[in-house]
Amino acid sequence: MREEVKEGYENADYEGLYRDGREIRSEEKDLFQDLFDYIGDSAQILDLGCGTGLPFDRYLIENGYDLIGIDIAEKHVEKARENIPEAEIIQGDFFEVDVANSSLDAVVSFYAIFHIPREEHRKLFEQINEWLKPEGYILVTVASTVMEDLKESWNGAEIKWSSFEGSKTLEIIEKSGFEIVRTYEEDWRDEDHLWVLARKIKSD
Ligand SMILES: C[S@@+](CC[C@H](N)C(=O)[O-])C[C@H]1O[C@@H](n2cnc3c(N)ncnc32)[C@H](O)[C@@H]1O
């Protein structure tokens, strides 16, 4: 699945179609503000599937945070390094990030977790939980509908998605050691996504 997703993003014009002129919407700013209030002014954040870094990572940097981003697509990694030179951008898979356990204040991931097989979603949230400091936070955008290894032609590329319905993903997040703080159901173009702000409750 990773190879197909990587190749898809290397070929698709994700930036041109989805990120040029993409503003952070007011509901999203509210969620970010909640996150900022919880983690404080000085914090280290990891973004899984950072894409080109716009608009979300730029916003985190502008708000004074230290950021590490990881993305599997070389094209996006190069763009992210240009767009947010203040951040450390790594090329690789979510599970390849080399960060110490209990070291991060927050992990964010926008529109990316549905690109790994859904059987791995719990493992990923458990891994994220380990990377976080006690009472660290996640702010993630996940799919709200079931996609069973769906492969589709998308903007000129073949890309794969894999997800559960939103309520099941919330259950997975809770079982991975988090308490849900707030959710927001996004309804944009032909897509529905679920934004989730959650707090780590399992201490090491
Ligand atoms: C829809 S884009 C979203 C990018 C960015 N978060 C944003 O909102 O603009 C999904 C991103 O996840 C990356 N991605 C997908 N699967 C990945 C994986 N297993 N490891 C790292 N990055 C991955 C893709 O390369 C792509 O850049």
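Throughout, read-outs are computed from the coordinates displayed, never taken from laboratory work. Only a predicted model underlies this, so the values are computations on that prediction, with no experimental measurement involved. Every residue, glycine as well, gets a Cβ built from its backbone with ideal geometry; the counts of neighbours run over all protein chains shown.
Details
- For the stretch 138-181: rounded, prolate or oblate by the Cα gyration tensor [a/c cutoff 1.5]: prolate
- Ordering of 18-25, 64-71, 35-42 by burial proxy (mean other Cβ atoms within 10 Å per residue, highest first): 64-71, 35-42, 18-25
- Environment charge of Asp41, counting only residues whose C-beta is closer than 12 Å and scoring Lys/Arg +1, Asp/Glu -1: -3
- Tensor-based shape of the chain (alpha-carbon gyration tensor, a/c under 1.5 rounded, otherwise prolate or oblate): rounded
- Cα-based shape type of the stretch 52-143, given that a ≥ b ≥ c are square roots of the gyration tensor eigenvalues and the cut on a/c is 1.5: oblate
- From most to least packed by mean Cβ count within 10 Å, the peptides 78-85, 181-188, 133-140 give 133-140, 78-85, 181-188.
- Neighbour counting of Cβ atoms within 10 Å sorts the residues Ser144, Ser102, fewest neighbours leading, into Ser102, Ser144.
- Every helix of 4 or more DSSP H residues in the chain counts as -39500 (n - 2.57), and over all residues that averages to -9000 deg cm²/dmol at 222 nm.
- The stretch 116-163 and the stretch 32-85: distance between their alpha carbon centers, rounded to Å: 18
- Rounded to the nearest whole Hz, the Karplus-based 3J(HN,Hα) values (6.51 cos²θ - 1.76 cosθ + 1.60, θ = phi - 60°) of the stretch 191-196 follow the sequence 10, 10, 10, 10, 8, 10, with x at glycine and proline.
- Multiplying the residue separation of Ile201 and Asp66 by 0.36 nm and removing their Cα-Cα distance gives an extension gain of 46.3 nm.
- Listed from fewest to most Cβ neighbours within 10 Å, the set Lys123, Lys6 follows the order Lys123, Lys6.
- DSSP-defined antiparallel bridges as percent of all bridges, the chain, nearest 5: 60
- Simple Cβ-charge dipole of the stretch 2-200, Lys/Arg +1 and Asp/Glu -1, about Cα centre, in debye nearest 20: 280
- Most to least packed among 146-153, 164-171, 51-58 [average Cβ atoms within 10 Å]: 51-58, 164-171, 146-153
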